[in-house]
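See structure below.
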Amino acid sequence: MDTGGEKKIAIFASGSGTNAENIIRYFRKAKSAEVIIILTNNKDAYVIERARKLGVECLVFNRNTFYETEKILDILKKPGTDIIVLAGFLWLVPGYLLRSFPGKIINIHPALLPKYGGKGMYGHVVHEAVIRSGDPESGITIHYVNEKYDEGTIIFQTRCAVQPGFTPNDLAEKIHELEYKYYPEVIEKVLFNDGKAEMGRA
């Protein structure tokens, strides 16, 4: 598809793909950029069905392809991908992609980093840890990706209160609301500020 002057977004996802769908719909309305491909490491991920329904190309890859070859880089470079967005993607990004897209790979984490980050800390595991800790607040962190889990420079954070009696499901619902509202907006800011965005809080 010829996207003309629009910026081109590639999304990596491993699961349901609710954030991926939200990002696709946001940019279709904004017309400032377009999601040109979704890539997933999970052949059973529901994001594949979301991509099909939305008419977005979807590629399933395995660990060997991702880490032992540069086929993914070739796929991203061919259409001129401007930014890589991780939306529930659970593998570390290999060095060849980090070097090829400096300051142009971003991720969203469902907590206020540096708390509750690191390998294995995703989805409900994070929300359960926050509830268990008794923290009065949680939130989302959008950050640049580096060679370690959840340790890249923070671009944006916003918070929500953890109400007494909240379950992990209750907290997940609040976090999803923040993700859907802010992630596309931050992606847009990064895209149109030469791959950079000032750290912000809301």
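Values in this text are rule-based calculations from the coordinates and carry no lab data. As the structure is a computational prediction, the values presented were derived from the model and not from experiment. Here Cβ is always computed from backbone atoms with ideal geometry, including for glycine, and neighbour counts include all displayed protein chains.
Quick notes on this structure:
- Whether the stretch 19-123 is rounded, prolate or oblate, judged on the alpha carbon gyration tensor where a/c under 1.5 counts as rounded: rounded
- Rg/Rh for the chain stands at 0.95; both radii use Cα atoms, and Rh follows the Kirkwood definition.
- Radius of gyration (Cα atoms) of the stretch 13-77, expressed as a multiple of 2.2 N^0.38 Å: 1.15.
- Eligible lysines near K71 by straight Cα distance, threshold 24 Å, same-chain separation 8 or greater: K7, K8, K43, K104, K148
- Long-range amide H partners of L90 with built H, under 5 Å: S14
- Candidate aspartates and glutamates - alpha carbon under 12 Å from K189, same-chain residues fewer than 8 apart omitted: E198
- Percent antiparallel among DSSP beta bridges (both partners in the chain, rounded to 5): 35
- Long-range amide H partners of L112 with built H, under 5 Å: G139
- Taking amide hydrogens as placed 1.01 Å from N in the peptide plane, the amide H of F156 sits under 5 Å from those of I142, G200, each at least 5 positions away in sequence or on another chain.
- Dipole moment magnitude, nearest 20 debye, the chain about Cα centre, only Lys, Arg, Asp, Glu C-beta charged: 240
- Extreme residue, positive dipole direction of the stretch 79-135, given options G117, A87, G134 (C-beta unit charges): G117
- Segment R25-L73, length gained on full extension (0.36 nm per residue, minus Cα span): 14.8 nm
- Ratio Rg/Rh, restricted to the stretch 90-202 and using Cα atoms, in which Rh is the Kirkwood radius: 0.98
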